[in-house]
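Written out below as structure tokens is the structure these notes cover.
The values are calculated or read from the model by the stated rules, or taken from the named source; none is laboratory data. Since the structure is predicted, the reported quantities are computational estimates derived from the model, not experimental observations. Every residue, glycine as well, gets a Cβ built from its backbone with ideal geometry; the counts of neighbours run over all protein chains shown. Ligands, DNA and RNA are excluded from the accessible area calculation, which covers all protein heavy atoms including side chains. Shrake-Rupley method; radii C 1.70, N 1.55, O 1.52, S 1.80 Å.
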Amino acid sequence: MTTAEQILAGKPATVGEMFYWRVDQTPDKEAFRYPDANDQWVSITYRQTRERVERFGAGLLAAGLGYEERVAIASSTRIEWILSDLAINLVGGATTTIYPNTASEDFQHILRDSEAVVLIAENAEQAAKITEADLRQQVHHIVLLDGEGDGERVWSWKQLEQAGDKLLAEQPDAVSQAAAKVTGDTLSTLIYTSGTTGLPKGVELVHRSWVYEAFAVVSLNILDETKTHYLWLPLSHVFGKALLAVQLGVGFGSAVGGRIDRVVPRPGGGKPHPLCGAPRIFEKVRAAVLLSSPRKGLKGRIARWAFAVGRASREYRLAGRPLPPAMGVAYRIADKLVFSKLKERVGGNVDFFISGSAKLSSQVQAWFYSAGLLVVEGYGLTETSAVTCVNLPTAPRFGTVGPAVPGTEIRIAEDGEVLVKGPGVMRGYHNDPEKTAEVIVDGWFHTGDIGKLDADGYLTITDRKKDLMKTSGGKYVAPSKVESVLAATIPYLSQVVAVGDGRKYISVLLTMDRDNLAKWAARHGKEGMAYGELVKLPELRETIQRYVDEANTKLERWETVKKFAILSQEFSVDDGGVTPNMKIRRAAVTQRFADIVAGLYSDEIEE
């Protein structure tokens with residue numbers, strides 16, 4: 001029996017069965033905590049969650065939902081998203097996820113390609129994105145989470161629940177009959193990857209994938225049911241969706257916020273224990289602390305001393321060795337004077353952070369660890385159900401994404417590409433067997449990422465296979481490495497795009513974080529100036545140049561940034577510069593700003 005088979009042996013076969021299993025295990029334990037219409041925290045148990053999910057599932061059946069038919073959800077992270085997804089899976093439908101900031105063209109493509117028959121829309125604005133006549137016929141019901149329906153094609157959440165109550169009164173076993181048809185091979189989720197080129201592709205994930213993800217994480221023993229997780233990640237993203245499956249396996253509760261500015265929930269929301277996020281979140285927290293910390297005077301000297309002590313202690317703590325007596329005393333003082341305040345700022349109760357969805361800067365990771373806050377990095381893709389590798393909090397190895405989770409295999413192809421095999425790998429791309437055959441060969445999924453494995457099986461991701469740049473001098477440069485170092489070094493930065501393929505040197509396009517830029521303006525007597533005016537100031541260029549020079553000391557000679565341009569606006573979904581999950585579309589950005597890029601190489605210099 002393989003490791004994957006051992007993990008799945010004796011476990012529920014479907015998401016619905018796993019949900020019922022969790023309810024049976026801990027019926028009266030808090031499942032979710034969420035803000036109500038009055039912004040007051042409300043708590044529901046697993047038993048209460050089951051009641052609501054069954055009502056909603058019955059409502060979907062009353063609306064005519066059939067086996068494996070798709071229900072699209074276009075909403076921010078909120079309790080109704082979770083209840084909807086559980087209900088859809090319970091009665092045999094398949095959830096199609098749509099980011100609420102998805103532009104109308106991609107929105108309609110996802111609905112059309114997925115053949116969704118029901119749309120759960122957060123509000124009328126989302127529902128209004130259906131403009132094509134054929135979609136109005138295909139999508140026979142729209143459910144509004146906020147707003148009133150007409151009782152015919154457009155239903156309110158309450159109206160759908162009422163339809164469910166009516167069906168259950170007439171057919172008490174309607175939900176259980178629908179659930180009985182579902183197997184581990186049934187389509188559970190259709191997630192459209194917001195690729196940096198072309199239209200989004202639909203990734204088909206079956207019920208078995210989520211059950212496997214849940215119990216593979218359970219086997220790691222890094223989370224337990226006594227904890228509270230703060231769920232703010234977009235559930236349209238595979239990372240957020242995977243956390244819901246893991247919750248069912250482990251049994252912890254979630255405070256559902258949907259907003260990063262509530263990572264530290266207000267009174268009544270509780271303080272999170274584990275906290276998951278994308279690297280940009282950790283970069284922003286670090287930048288905010290650095291910019292708000294005093295640079296001069298006694299407080300500034302104390303802060304610098306404390307982090308010097310933290311840096312010196314890292315190698316001992318990472319190796320599990322006791323600190324030398326004098327260092328131990330110094331660290332306890334540093335923690336009381338400086339680090340404890342930072343810990344309270346991020347909730348005061350965090351056991352560890354998990355970073356995923358993009359490469360984490362080792363500089364940022366080390367800074368948090370100096371202050372006694374552990375950020376472990378993981379790795380996965382939509383096509384692998386999110387959790388492929390993860391560092392264990394008990395044995396983190398900085399710079400890596402950790403070993404594969406039990407039951408998943410990883411190998412490196414001759415060209416350096418990372419290949420993955422296991423129950424988490426997708427069934428295929430929806431309506432695209434040719435593309436599926438390209439990326440899944442003999443059961444191995446070709447990730448498109450370049451990486452390496454160490455002797456202990458820890459994986460390090462270096463870059464995307466298609467993103468590698470080659471300078472005219474013949475040197476290969478991973479743009480993600482350059483961008484990561486700059487993002488970790490320049491606290492005013494919002495976005496960065498490295499360019500230089502076929503050129504003699506590397507340059508970057510930069511945008512500034514508006515809040516942090518305002519802090520710079522205040523320090524330099526430039527209050528009240530607009531973003532577009534500030535980025536043109538020579539004083540700002542001088543500040544950024546100093547940070548670029550510092551960043552260059554952390555790069556190889558051929559990777560160093562020779563020139564940069566500060567752009568007059570940030571990239572957005574509307575202008576095509578970023579995907580709905582905020583990944584930069586490199587080709588679109590460089591094409592749009594081709595004249596500026598050309599200007600950076602108007603007088604190319606020798607390396």
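When LYS299 is evaluated against the numbered criteria (1) assigned to a helix (DSSP H, G or I); (2) closer than 17 Å to GLY372 by Cβ; (3) at pLDDT below 90; (4) open to solvent by 30 Å² or more (accessible area, probe 1.4 Å), which criterion, by number, is the only one it fails?
If we test LYS299 against (1) assigned to a helix (DSSP H, G or I); (2) closer than 17 Å to GLY372 by Cβ; (3) at pLDDT below 90; (4) open to solvent by 30 Å² or more (accessible area, probe 1.4 Å), just (2) comes out false.
Test of understanding: among SER361, SER355, SER340, which residue is among the polar types (S, T, N, Q) and surrounded by fewer than 17 Cβ atoms within 10 Å (Cβ to Cβ)?
Just a single option satisfies the conditions, and that option is SER340.
How many residues are among the polar types (S, T, N, Q), farther than 14 Å from ALA116 by Cα and in contact with a Ser or Thr (Cβ under 6 Å, 6 or more places away or on another chain) if we restrict to segment 47-100?
Here the count works out to 1.
Looking at (1) touching a Leu at 6+ places or on another chain (Cβ under 8 Å); (2) farther than 20 Å from ALA287 by Cα, can you tell me which one ASP574 breaks?
Of (1) touching a Leu at 6+ places or on another chain (Cβ under 8 Å); (2) farther than 20 Å from ALA287 by Cα, only one is false for ASP574: (1).
How many of the residues in segment 146-194 are of a type outside the set (Asp, Glu) and part of a loop (DSSP other than H, G, I, E, B)? Give the derivation first.
Let us first name the residues in segment 146-194 that are of a type outside the set (Asp, Glu), namely 147, 149, 151, 153-160, 162-164, 166-169, 171-172, 174-184, 186-194.
Still in the running and part of a loop (DSSP other than H, G, I, E, B): 147, 149, 151, 153, 171-172, 181-184, 186, 194.
Selection size over segment 146-194: 12.
Evaluate segment 511-523: report whether one residue or more is open to solvent by less than 10 Å² (accessible area, probe 1.4 Å), among the aromatic types (Phe, Trp, Tyr), farther than 28 Å from TYR99 by Cβ and modelled with pLDDT of 90 or more.
Yes: one or more hits.
Taking into account only those residues within segment 185-196 that are open to solvent by 10 Å² or more (accessible area, probe 1.4 Å) and closer than 17 Å to GLY424 by Cβ, which is modelled with the highest pLDDT?
Step by step, filter segment 185-196, then rank; the result is ASP185.
Pick out, from segment 408-523, the helices (runs of 4 or more DSSP H) lying fully within it that include 1 or more residues that are touching a residue at least 12 places away in the same chain (Cβ under 8 Å), within 21 Å of ASP549 (Cα to Cα) and touching a Ser or Thr at 6+ places or on another chain (Cβ under 6 Å).
479-489
The rows are residues; the columns are (1) in contact with a Phe, Trp or Tyr (Cβ under 9 Å, 6 or more places away or on another chain); (2) polar (S, T, N, Q); (3) open to solvent by less than 10 Å² (accessible area, probe 1.4 Å).
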residue: ARG332; (1), (2), (3): no, no, no
residue: ASN349; (1), (2), (3): no, yes, no
residue: GLN365; (1), (2), (3): yes, yes, yes
residue: GLY372; (1), (2), (3): yes, no, no
residue: GLU377; (1), (2), (3): yes, no, yes
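Do we find a residue being surrounded by fewer than 16 Cβ atoms within 10 Å (Cβ to Cβ), under 30 Å from SER293 (Cα atoms) and not acidic (Asp, Glu) anywhere in segment 560-567?
no
Of the residues that make up segment 539-547, is at least one touching a strand residue (DSSP E or B) at 6+ places or on another chain (Cβ under 7 Å) and closer than 21 Å to PRO479 by Cβ?
Yes: one or more hits.
Evaluate the following for LEU235: is it in contact with a helix residue (DSSP H, G or I) (Cβ under 7 Å, 6 or more places away or on another chain), part of a loop (DSSP other than H, G, I, E, B) and at pLDDT 90 or above?
For LEU235, the condition - in contact with a helix residue (DSSP H, G or I) (Cβ under 7 Å, 6 or more places away or on another chain), part of a loop (DSSP other than H, G, I, E, B) and at pLDDT 90 or above - is met.
Restricting attention to segment 381-391, which residues are in contact with a strand residue (DSSP E or B) (Cβ under 7 Å, 6 or more places away or on another chain), in a loop (DSSP other than H, G, I, E, B) and either of a type outside the set (Ser, Thr, Tyr) or open to solvent by 30 Å² or more (accessible area, probe 1.4 Å) (or both)?
Going residue by residue through segment 381-391, those that are in contact with a strand residue (DSSP E or B) (Cβ under 7 Å, 6 or more places away or on another chain) are 381-385, 387-391.
If we keep only those that are in a loop (DSSP other than H, G, I, E, B) too, we end up with 381, 385, 387-388, 391.
Of everything in segment 381-391, those that are in contact with a strand residue (DSSP E or B) (Cβ under 7 Å, 6 or more places away or on another chain), in a loop (DSSP other than H, G, I, E, B) and either of a type outside the set (Ser, Thr, Tyr) or open to solvent by 30 Å² or more (accessible area, probe 1.4 Å) (or both) turn out to be LEU381, VAL387, ASN391.
Okay, residues lined up against (1) over 30 Å from GLY500 (Cβ atoms); (2) under 31 Å from the mean Cα position of the chain (by Cα):
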site: LEU517; (1), (2): no, yes
site: ALA522; (1), (2): yes, no
site: GLU533; (1), (2): no, no
site: ILE544; (1), (2): no, yes
site: ASP549; (1), (2): no, yes
site: GLU556; (1), (2): no, yes
site: GLU559; (1), (2): no, yes
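Would you mention how many residues in segment 36-68 are open to solvent by less than 50 Å² (accessible area, probe 1.4 Å) and among the acidic types (Asp, Glu)?
Residues in segment 36-68 being open to solvent by less than 50 Å² (accessible area, probe 1.4 Å) and among the acidic types (Asp, Glu): 2 in total.
Inspect segment 197-215 for any residue being open to solvent by less than 30 Å² (accessible area, probe 1.4 Å) and at pLDDT below 90 and give the result as yes or no.
Yes, some residue in segment 197-215 is open to solvent by less than 30 Å² (accessible area, probe 1.4 Å) and at pLDDT below 90.
In segment 1-19, what residues are part of a loop (DSSP other than H, G, I, E, B) and among the β-branched types (Val, Ile, Thr)?
THR2, THR14
For a quick check of your reading of the model, give me the residue pairs whose first member lies in segment 160-186 and is on the phi < 0 side of the Ramachandran plot and in contact (Cβ under 8 Å) with a residue 40 or more places away in the chain, whose second is aromatic (Phe, Trp, Tyr) and open to solvent by 60 Å² or more (accessible area, probe 1.4 Å), with beta-carbon atoms closer than 7 Å and at least 6 apart or on different chains.
Between residues of segment 160-186 that are on the phi < 0 side of the Ramachandran plot and in contact (Cβ under 8 Å) with a residue 40 or more places away in the chain and residues that are aromatic (Phe, Trp, Tyr) and open to solvent by 60 Å² or more (accessible area, probe 1.4 Å), the close pairs are LYS181/TYR67.
Counting just the residues of segment 79-113 that are of a type in the set (A, V, I, L, M, F, W, C) and assigned to a strand (DSSP E or B), which one comes out surrounded by the most Cβ atoms within 10 Å (Cβ to Cβ)?
That would be ILE98.
Condition first: under 19 Å from the mean Cα position of the chain (by Cα) and farther than 20 Å from THR96 by Cα. Now tell me which residues in segment 223-236 satisfy that.
Correct list: LEU223, THR228, HIS229, TYR230.
Would you point out which residue out of ARG22, ARG50 is over 13 Å from GLN247 (Cα atoms), of a type outside the set (Phe, Trp, Tyr), under 28 Å from the mean Cα position of the chain (by Cα) and assigned to a helix (DSSP H, G or I)?
ARG50
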